[in-house]
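Written below as structure tokens is the structure these notes are about.
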Amino acid sequence: MKNFVEELKWRGMLAQIMPGTEEFLMKGMTTAYLGTDPTADSLHIGHLCGIMMLRHLQRCGHKPIILVGGATGMIGDPSGKSQERNLLDTDTLYHNQECIKKQVAKFLDFEADEPNKAELVNNYDWMKDFSFLDFAREVGKHITVNYMMAKDSVQQRLNGTARDGLSFTEFTYQLLQGYDFLHLYKTKNVRLQLGGNDQWGNMTTGTELIRRKLGQEAEAFALTCPLITKADGKKFGKTESGNVWLDRNRTTPYAFYQFWLNVSDADAERYIKIFTSLDEPTINALVEEHKQDAGRRVLQRRLAEEVTVMVHSREDLDMAIEASNILFGKSTKESLLKLDEQTLLDVFEGVPHFTIDKGLLGLPAVELFTRDDAKVFASKGEMRKLVQGGGVSLNKEKLAAFDRPVTADDLIDGKYLLVQRGKKNYFLITVK
């Protein structure tokens with residue numbers, strides 16, 4: 001068996017670990033779980049470090065279980081939050097669970113005949129019929145309020161800026177998470193909980209509950225990965241438009257690819273260890289190659305390639321690279337027509353954007369593209385001169401005549417025109 005802890009260490013994925021964990025893992029196959037929040041029908045890249053921990057765990061010969069927190073998702077975890085979460089209904093929770101399983105199946109093997117095949121569980125299944133009186137007797141009496149109050153996640157909410165303090169519902173969260181570990185310990189032989197470093201307090205409550213319920217000889221362990229940030233200390237995985245999601249309908253493969261391609265050199269060197277399965281010699285060679293000529297962005301390109309293929313597909317990677325070439329390199333009208341509407345808008349997000357009435361279709365290009373509502377050119381004279389010099393393209397095709405009519409046949413997706421002035425100046429026009 002490969003040493004899972006050593007694997008995490010060289011990748012920069014180990015934050016805290018309970019004494020004895022590494023030695024226990026080396027004895028044989030260990031079952032470990034990681035919880036994820038089902039408040040959306042997609043994971044985002046902020047979840048990826050935890051999912052990659054499970055991937056490495058399975059590759060080291062151990063059994064991964066991913067727990068979808070249907071019950072705890074109905075309450076809300078106070079860790080790292082400034083306010084209480086919205087509560088979800090059952091139908092939404094199960095819908096989100098199925099969507100999350102499809103995404104995680106790209107990282108873990110749920111189908112193998114091996115003993116360490118992955119499983120997905122939902123804590124709502126064992127919590128939904130657990131009465132308050134049963135919970136108070138079975139769980140509550142084993143953990144003192146003093147112990148719970150000492151947790152950082154509780155202290156931060158009590159002493160922080162939260163306007164409404166900490167609700168009783170949230171206060172009990174660590175007991176619920178602790179009970180999950182106890183339940184999985186007894187029913188699935190789980191001996192290790194994995195999570196982000198903000199979960200350390202909740203996770204150690206679980207190991208404490210197991211020992212108090214089952215005796216001090218009960219072996220239960222916890223291990224966390226660091227919370228990933230950017231080199232400038234800012235939150236990882238956030239862009240101006242919000243989270244970078246794994247669901248293509250929320251974040252297109254092109255935008256996903258571009259996120260990784262545009263990380264800094266320092267971040268690329270960290271992220272390629274955390275978010276890919278490349279081995280240490282391969283990564284070290286890439287780092288050295290990158291240092292020889294940082295301008296080629298070797299690390300960023302390989303990182304973007306590996307993660308995009310893992311989350312989406314090789315075809316989506318090829319499409320994302322082709323889409324990138326539309327803006328930054330040579331491409332054809334055929335390449336442009338392959339793009340779906342959202343990818344087209346993502347590619348040309350930063351270019352000047354005009355909207356015109358479809359009644360204007362049929363006008364000569366020189367009339368249409370010098371109007372105040374679509375001013376691609378300052379004057380008709382400027383446009384004539386550029387067209388004659390071969391410097392104007394419509395939908396990636398050279399405009400042969402400045403007075404040729406622009407018609408509905410020119411529209412991309414039935415509503416867009418892409419005008420290129422010179423090599424680098426693009427203008428996107430929406431026709432309504």
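The values are calculated or read from the model by the stated rules, or taken from the named source; none is laboratory data. Note that the structure is predicted; figures quoted are calculated from it, not measured. Note that each Cβ is placed from the backbone with ideal geometry, even for glycine, and that neighbours are counted across all protein chains shown. Each accessible area value is taken on the protein alone, full model and side chains, heavy atoms only, with ligands, DNA and RNA left out. Shrake-Rupley method; radii C 1.70, N 1.55, O 1.52, S 1.80 Å.
Quick rundown of the values:
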item	result
Selection status of residue 269, out of contact with any Ser or Thr (no Cβ under 6 Å at 6 or more places or on another chain) and closer than 30 Å to residue 144 by Cβ	no
Residue under evaluation residue 158, criteria (1) crowded, with 16+ Cβ neighbours inside 10 Å; (2) assigned to a helix (DSSP H, G or I); (3) at pLDDT below 85, criterion not met	(1)
Residue list for region 188-215, restricted to those being closer than 17 Å to residue 25 by Cβ, of a type outside the set (A, V, I, L, M), touching a helix residue (DSSP H, G or I) at 6+ places or on another chain (Cβ under 8 Å) and assigned to a helix (DSSP H, G or I)	207
Which listed residue is modelled with pLDDT under 90, surrounded by 16 or more Cβ atoms within 10 Å (Cβ to Cβ) and farther than 30 Å from residue 150 by Cα, from 120, 93, 43, 88	93
Single residue of region 296-342 satisfying the filter (of a type in the set (A, V, I, L, M, F, W, C), open to solvent by 30 Å² or more (accessible area, probe 1.4 Å) and touching a residue at least 12 places away in the same chain (Cβ under 8 Å)) that is farthest from residue 105 (Cα to Cα)	327
Filter result for the condition that a residue is of a type in the set (D, E, K, R) and open to solvent by 20 Å² or more (accessible area, probe 1.4 Å), over 217, 170	217
Residues of region 4-18 satisfying the condition of being open to solvent by 20 Å² or more (accessible area, probe 1.4 Å) and among the hydrophobic types (A, V, I, L, M, F, W, C)	10, 14, 15, 17, 18
Selection within region 248-294 - assigned to a loop (DSSP other than H, G, I, E, B) and over 20 Å from residue 225 (Cα atoms)	248, 249, 250, 251, 252, 262, 263, 264, 293
Flag for residue 137 being over 28 Å from residue 30 (Cα atoms) and modelled with pLDDT of 90 or more	yes
Residue 357 vs. criteria touching a residue at least 40 places away in the same chain (Cβ under 8 Å), charged (D, E, K, R) and within 26 Å of residue 259 (Cβ to Cβ)	no
Flag if residue 354 is closer than 14 Å to residue 419 by Cα and either surrounded by 15 or more Cβ atoms within 10 Å (Cβ to Cβ) or not polar (S, T, N, Q) (or both)	yes
Any pair with Cβ under 7 angstrom, 6 or more apart, that starts in region 263-275 at a residue that is under 18 Å from residue 311 (Cβ atoms) and touching a residue at least 40 places away in the same chain (Cβ under 8 Å) and ends at one that is among the β-branched types (Val, Ile, Thr) and part of a helix (DSSP H, G or I)	273/283; 275/307
Residue selected from region 369-386 under the condition out of contact with any Asp or Glu (no Cβ under 9 Å at 6 or more places or on another chain) and assigned to a helix (DSSP H, G or I), by the criterion most open to solvent (accessible area, probe 1.4 Å)	385
Residue 239 vs. criteria over 30 Å from residue 339 (Cβ atoms) and either exposed (fewer than 15 other Cβ atoms within 10 Å of the Cβ) or free of Cβ contacts under 8 Å to residues at least 40 places away in the same chain (or both)	no
Considering residues of region 387-404 that are part of a loop (DSSP other than H, G, I, E, B) and among the charged types (D, E, K, R) only, the residue least open to solvent (accessible area, probe 1.4 Å)	396
Residue ID - farthest from residue 345 (Cα to Cα), chosen from residues in region 405-432 that are open to solvent by less than 20 Å² (accessible area, probe 1.4 Å) and among the β-branched types (Val, Ile, Thr)	406
Counted residues, region 220-236 - those being surrounded by fewer than 13 Cβ atoms within 10 Å (Cβ to Cβ) and touching a Ser or Thr at 6+ places or on another chain (Cβ under 9 Å)	2
Top-ranked residue of region 206-236 - restricted to ones that are of a type in the set (D, E, K, R) and either under 30 Å from residue 340 (Cβ atoms) or touching a strand residue (DSSP E or B) at 6+ places or on another chain (Cβ under 8 Å) (or both), ranked as modelled with the lowest pLDDT	235
Subset tally (residues that are assigned to a loop (DSSP other than H, G, I, E, B) and either more than 30 Å from residue 52 (Cβ to Cβ) or in contact (Cβ under 8 Å) with a residue 12 or more places away in the chain (or both)) for region 106-142	14
Test: residue in region 22-35 that is aliphatic (A, V, I, L, M), in contact (Cβ under 8 Å) with a residue 24 or more places away in the chain and open to solvent by 30 Å² or more (accessible area, probe 1.4 Å)	yes
Residue, nearest to residue 313 (Cα to Cα), within region 258-278, restricted to residues that are hydroxyl-bearing (Ser, Thr, Tyr) and open to solvent by 10 Å² or more (accessible area, probe 1.4 Å)	277
